[in-house]
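Just so you know, all these numbers are worked out from the coordinates, no wet-lab data involved. Please read all numbers here as calculations on a predicted model, not as lab measurements. Cβ placement follows ideal geometry from the backbone for every residue including glycine, while neighbour counts extend to all protein chains displayed.
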Amino acid sequence: MKLNRRQFVILSAGLLAGCAMTKTGINGHSSDTRKRDIDAGPADAFREEGVYDRFRNQGFFLIRRHGRLLALSSSCTHRSCTLNTVPDRTFICPCHGSTFDAKGAVTKGPAQKNMPLLPVRIDSRGRVLVQVSGTG
Ligand code: FES
C-alpha cells in the first residue's frame, strides 16, 4: 500500500495521539496502570500498631492493625490529590475536604469511592513490598 504525503501526515498524527493517550487520559490524569512493587523496608520496622505515612508520596499508607500489615492508596478517589493522615488514624484530602475513616471508607465527600487496598507481601528477605500503579 502506497501513501501519499497527506495520508502519511494524517496517519502519523493519529499514531502520535494514540501514544500520548497511553500516558495521559482525556481529563489530563495519568491513565498509566502499570503495576510495580515498592520496597517499604524490613517488616520488623512496622511492628507497632498504627499508620505509617512516610510512603504517602509514593502512593500508599502502610498500616499495622490487629497485627496485620495492610496498605491503603494515598491517592484521593475524587481527583487524586495526596491524602493526609489525622492523629486519630483517619484521612483527609487537602484539595476538596473529603474524609475517610481508619479503614479507608468515605465519611465525607465529594469523594464517592473508598480508598483502595493495595497488595502487600513480605519477600524471602523479610522486606515489605507494596504493589502500586503508575510510573510514580
Ligand atoms: Fe480529594 Fe477532591 S481530590 S476531595
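Worth a mention:
- Cα gyration tensor category, rounded, prolate or oblate, for region 79-136 with a/c compared to 1.5: prolate
- If the segment from Cys95 to Arg64 were pulled out straight at 0.36 nm per residue, it would be longer than the present Cα-Cα gap by 8.5 nm.
- Using every pair of distinct Cα positions in region 29-136, the Kirkwood expression returns a hydrodynamic radius of 14.1 angstrom.
- Calculated FRET efficiency, Ser124 to Thr82, Cβ-Cβ distance, R0 = 30 Å: about 0.45 to the nearest 0.05.
- Chain lengthening between Ser133 and Glu49 when straightened (0.36 nm per residue, less Cα-Cα): 27.7 nm
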